Amino acid sequence: MAAGLKLPALAERPSYKGPNVVIVRFGGGVRRLETIHEDKTYSPFLLKELTKRGTFFPRMEIADTEDALASKDAKAKRKKEHELNTSHGEGTLYILTGTYRRYVDVGWKYDHIDEQLLGARFEATEPTLFEYLRRQFNVPEHQTLIVNGEDRPQEEFYSFSNHHLFGATFKSETLSLFRYKSWLYQRLLDEGKLDEKQTRKKTEALKTMRELDYRIAAKDQPKEIIAFWENWRRLYGDNGFVNERGDRLLTDLALKAMKSLQPRMMMINYNDPDYVHWGKPTHYTRGIAIIDRGLRFLVDAVEADPFYRDNTVFVIVPDCGRDSNPFMSVPFQHHFNSKSSREIWALLIGPGIEKGVVVDRTVQQIDLAKTIGSVMGFEAGLAEGGVLEEAIS
Amino acid sequence: MLEPAQAKRIATPPPPPPAGPAAKPENMLRRRVLRVGAFLWKWLVGVVFCMSWLTAFMVVGWTYRAMQRSAFKRWWKSTHPNAPSRFRHSEWAREQRQSHWPNWLLGNRERPKGPRGWFGGIVANFRIGFLGLFNTTVLLCIPCGLILAGWHYGWDISFNKIYEQSTVGATLGFSGMFLFVAVMFYLPMAKARQAVSGDWKRFYDWRVNRRLIRRGTGGLAMLALAMLPAFVVVLFIKNTPFLYAYNPEILAQTTEEQFKILESHWFSTGFIVFALYLLLHLFAAHIYAGAMRRCLRRGELGPRDLAPSEFDVLDSLALIDGGPQSAGSPFKSWLLSLPGRCVCGTIVGLSYLAVGVMVLVAQFFMIHPIQGFVNQPLLQSPMVSYIPFHLSGKTMGGVFLEFVLATVIMLLIGIGGRLAKTNQRH
């Protein structure tokens, strides 16, 4: 067994005393132009206020640069770069695992699982940050959270890897309307207040949901999460029309989680800018503005909460960029492995992070994993990137 | 309603044209070269005119004139099955001024002297094209508009997650698609009738057009099936600039150079699109010609149902009663029967539904805002220059002005025509 990866007994793990970390996936796919360009930004709070408070990496990339740069042949270089997919699931796992890998939907890997066209149910082969943290420290499951959008059940798969030394034992929990519904429908069926038609519909819906996320279908959510959903139900009811919608919902989930669950590490997977796939530029720019507003709420909440104040590091990073194709009416309609879709940025703010620093060198998205490990005090041994030393004070 | 003078019938069909003297080989070669040159010239001009909204009216008009010639040719051939000379050499074609393909700029070869002859082509192409596109737009604007509204509203609902109104977007979209398919049952034959009759009002002659459609369902089904691969080709062409995102050398060019790259892309692919547009419309005219004969032969249509121009042409070929019965096959008989028409109608409906779906899928890969929904080059205006505004420097206002200018030109043509008639009377 590799040094530093010896499995400690669960009871021996020390309690975690380091800073909390909130990873904000500024997704799904945003260009530098609309986020960190001085004149064209739709995220003014991020660019004009937050960057002053931390270390800013405006030239982060998603690129297997060593081999790519080593190749003198332009065509081979492009081919190498294009082997890395620039999309939401991949970007999330690059951030969480610190490795660049090609992922395929589990339906194409296992015979017993139905394939999904354009599916993104990816199983990470290297451990995620949550697994590193929980393996090193005695952090309960409900305090490592991924907050997902309601129309992205495939992202339920990113809570743990299939690495034999980590895996489900150290998984994070997921907060999403998908999870809420899977809890709610079971609760409604258990309460026995539905008529026959409703019972049939809920049973079928529950079956479909469990088939989508086959890995934890049989496992109950922790009691703290159940209490969270009970409170959510008390506030917003059963019909799904009263709570916030879209990425605003993720902000609401995150804020409520901070109050009641006090996660030590939380990842918020914003994604609505990706609606520009269907051709409306305003979905992209409004999506960015909504995330920016969400950031303000999160920063304000952290500063107002004694558990989080002066003890929380924000890591804000896009999952991927977007195309910049001047030959299209909407140049940023997609993000399929073009040069511009590999160009992103990152911002780290909080205790132990240098303030007001702009690092003008090219860094990699996978560098974030070891950097977060360095901040939180664990070693992301299987991550391949480096530590962003300029950020650490 | 026909004037009594127009109702005269020719008792016997005209005699076949006498065979002319044998042409010398070098003359034949010269003529062939000239004909190929003329063909290439007309093709080239057509593609050039497909590059803007204003000149695309000319393409519609020229195509309608070619459709007229195609139908006339089919009728003439049906009455001259053993003619030694070709249609273009026939006296009848000369009388009808259909010996040659229409010109883009000049009047036909039989044109009168003076300005009317010099600019007869431009005026005819523009006038006929404007009227043709106007009528097509009348029928397609609502379904295309509904599809556009459904797309935008539907995705607004998804983005904002206002699922309480989820049925609105879907209803708009499905209604638009349903209407589109319904219109496409009618549109090809109506366009062909307008083109061949030379009378824009015949586009709305529901009663007669319906009967033509019924007698032409086999051909219309084949036309609908032919639309499928044609649309695949055109939609692929429309979307290929998406691939330029992966060529760093092209992306590194200046805006002016990128504009030229895209301009040449649309120009070179315009040869394919224009050819497909023309072929599909000529096929529609061919179907119309056959359907008209069948209707006349069966007595479902009579002289009073025809436009004066249709009557004159058909009468001069002794086809008012449909002409001699051609040897029909059992398959053709089945096509004209009720079960056959039902099968053909199903094929037509499913084909155009597939076309509508393909258009939407293509919009996902590369959106052409508004234009991609409300104008399909193979059905409406064949304008195929999809250069984004940020490269071309155009604006929506500029596009609108092109249509305003087209309307003004049409008004001037109309006024000019009336003045010419008034002068003639005096």
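Overview of values
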item	result
Per-selection metrics, chain A (Cα): Rg and Dmax in Å	20.5, 68
Members of A:171/B:161; A:181/A:201; A:280/B:161; A:223/A:259; A:181/A:223 lying beyond 18 Å, as alpha-carbon distances in this model show	A:171/B:161
Contact order normalised by residue count of region A:85-174, Cα under 8 Å, 6+ apart, percent	29 percent
Accessible area expressed per residue, chain B, with surrounding protein chains retained (probe 1.4 Å, Å²)	50 Å²
Residue A:104-residue B:271 pseudo-label distance in nm [points 7 Å out on the Cα-to-Cβ vector]	4.1 nm
Three semi-axes of the equivalent ellipsoid, region B:173-261, Cα gyration tensor, whole Å, largest first	40, 16, 13
Among A:363, A:21, A:242, residue whose mean-square fluctuation peaks in a GNM of chain A (springs only between Cα atoms under 10 Å)	A:242
Tensor-based shape of the protein assembly as shown (alpha-carbon gyration tensor, a/c under 1.5 rounded, otherwise prolate or oblate)	prolate
Projected label distance in nm at residue B:182 and residue A:304, using a 7 Å step from Cα toward the beta-carbon	5.5 nm
Gaussian network model of chain B, Cα within-10 Å springs - most flexible of B:384, B:59, B:374	B:374
Averaged over B:238-249, number of beta-carbon atoms from partner chains that fall within 10 Å	5
Helix runs (DSSP H) in chain B reaching 18 Å along axis by Cα, Kyte-Doolittle at least 0.0	B:25-49, B:120-160, B:166-197, B:217-239, B:255-298, B:338-365, B:396-425
Chymotrypsin sites (Phe, Trp or Tyr not before Pro) restricted to region A:102-187 and DSSP loop, no more than 13 other C-beta within 10 Å	A:110
Mean Cβ neighbour count within 10 Å, used as a protection proxy, ranking A:279-288, B:295-304 highest first	A:279-288, B:295-304
Radius, Kirkwood style, for region A:273-353 when every pair of distinct Cα atoms is counted (Å)	14.5 Å
Estimated distance in nm for a label pair at residue B:167 and residue B:207, the labels positioned 7 Å out from Cα along Cα-to-Cβ	4.0 nm
Scattering profile of region B:240-370 at q = 0.10 Å⁻¹ [log10 I(q)/I(0), Debye over alpha-carbon scatterers]	-0.62
Net lengthening on full extension, residue A:208/residue A:190 (0.36 nm per residue, minus Cα-Cα)	4.7 nm
Rounded, prolate or oblate (a/c below 1.5 giving rounded, otherwise prolate when a/b exceeds b/c) for region A:85-199 by Cα gyration tensor	oblate
Residues residue B:338 and residue B:249, FRET efficiency given R0 of 56 Å [Cβ-Cβ distance, rounded to 0.05]	0.40
Helical mean residue ellipticity (222 nm; -39500 (n - 2.57) per DSSP H run of 4+; nearest 500) of chain A	-10500 deg cm²/dmol
Where A:367, B:156 fall by accessible area, highest first, once all protein chains stay in place (1.4 Å)	B:156, A:367
Compactness of region B:338-389 - radius of gyration and Dmax, Cα, Å	14.6, 50
FRET efficiency for residue B:35 and residue B:263, using Cβ-Cβ distance with R0 set to 35 Å, rounded to 0.05	0.70
Shape of region B:322-426, Cα gyration tensor, a/c cut at 1.5	oblate
Gaussian network model of chain B, Cα within-10 Å springs - most flexible of B:376, B:258, B:98	B:258
Low-density loop positions, chymotrypsin sites (Phe, Trp or Tyr not before Pro), region A:219-283 - DSSP coil, at most 13 other Cβ in 10 Å	A:241
Three principal axis lengths of chain B [C-alpha, angstrom, descending]	73, 51, 50
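The values are calculated or read from the model by the stated rules, or taken from the named source; none is laboratory data. Since this is a predicted model, take the numbers as computed values, not measurements. Positions of Cβ are backbone-derived with ideal geometry, glycine not excepted, and every protein chain shown enters the neighbour counts. Ligands, DNA and RNA are stripped out before the accessible areas are found, and what is left, the full protein with its side chains, is counted by its heavy atoms. Shrake-Rupley method; radii C 1.70, N 1.55, O 1.52, S 1.80 Å.
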